[in-house]
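Please read the structure below before turning to the comments.
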Amino acid sequence: MTNQTGAAGAERPIGIFDSGVGGLTVLRTVRERLPHEHWLYLGDTARLPYGTKGPETVSRYAVQAASHLVERGIKMLVIACNTASAVAMPTLTKEFAPLPVIGVVEAGAEAAVSASRSGHIAVLATESTVSGGAYERAIKARRADARVFSQACSLFVALAEEGWSKGPLVEAVAREYLQPLLAEKKRDGLDCLVLGCTHFPLLKETIAHVAGPEVTLVDSSETVALAVEKILRKSKLARTAGHGDTGFLATDGAERFARVGSLFLGEAITVQDVELVDL
């Protein structure tokens, strides 16, 4: 790996990887906190969703995507995909050492433990993330007496990608998914809900309404931003002046990436902004 220390290392971009456009919610938050940094975002849109695929497949895809970003000369890797973070973090950390690798699952667990008073926490995620149990392990590693309830919410992904964040249909789906968790809230004092997929923040207002004011919603994006900032300062790789640039890479569908991605990023992305790559 090319030497990253000093001023030249600081000028390198930070790589962010997701299975699609959902990770742009993470990019949005980290850019706001670290406006001087350069960013390179890769969405593996040709092979999404990762949430319904097996762990071996997810790990292979994640390594391929990360390898492409590393070849572009990044100074840090952020795994914005909850499924890839849940399944492939040990592999990615080992494969690309000493490159710093940050995953959203660990960040989300940290935020959830800080936010919950009772230790009774629910996780909304994809099928693969739920079945792998990564959030439960990460939360209990930080609070041994925590009680973690998980719910797969695959339809939330489709709703977010259509730009449907409010309305009777979205609320009905949210109520269906949250019904067993709300029963736990009444019985056992559940007081924290983790949005364990980067698509879900787009539905945050509806989810919060259904969950009720007693439940704190946790979006790991802010915790990821804090972790990135801490590592940059510790490693003396922070870019401290100037306005950072952002590059967008996708493995398929530049037009759809630009259209749907604009919803997640909160600003316009044009087709010309998106470079198609083959992994």
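Below, the figures for the structure above:
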read-out	value
GLU184 surrounded by fewer than 22 Cβ atoms within 10 Å (Cβ to Cβ) and closer than 28 Å to GLY54 by Cα	no
Output for region 34-56, where each listed residue is modelled with pLDDT under 95 and farther than 17 Å from PHE248 by Cα	PRO49, TYR50, GLY51, THR52, LYS53, GLY54, PRO55, GLU56
Checklist (1) of a type in the set (A, V, I, L, M); (2) modelled with pLDDT under 95; (3) assigned to a helix (DSSP H, G or I) applied to ALA65, failing item	(2)
Test: residue in region 163-176 that is charged (D, E, K, R) and buried (at least 16 other Cβ atoms within 10 Å of the Cβ)	no
Number of the condition not met by LEU249 [criteria: (1) touching a helix residue (DSSP H, G or I) at 6+ places or on another chain (Cβ under 7 Å); (2) crowded, with 21+ Cβ neighbours inside 10 Å; (3) modelled with pLDDT of 95 or more]	(1)
Candidates ALA208, ALA183, ALA225 - the one that is in a helix (DSSP H, G or I) and in contact with a strand residue (DSSP E or B) (Cβ under 8 Å, 6 or more places away or on another chain)	ALA208
Single match in THR129, THR83 (criterion: assigned by TED's automatic domain parsing to the domain that holds ALA152, crowded, with 19+ Cβ neighbours inside 10 Å and either touching a helix residue (DSSP H, G or I) at 6+ places or on another chain (Cβ under 9 Å) or over 27 Å from HIS38 (Cα atoms) (or both))	THR129
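The values are calculated or read from the model by the stated rules, or taken from the named source; none is laboratory data. All of these numbers come straight from a predicted model, not from anything done at the bench. Note that we place each Cβ from the backbone using ideal geometry, even for glycine, and neighbour counts take in every protein chain shown.
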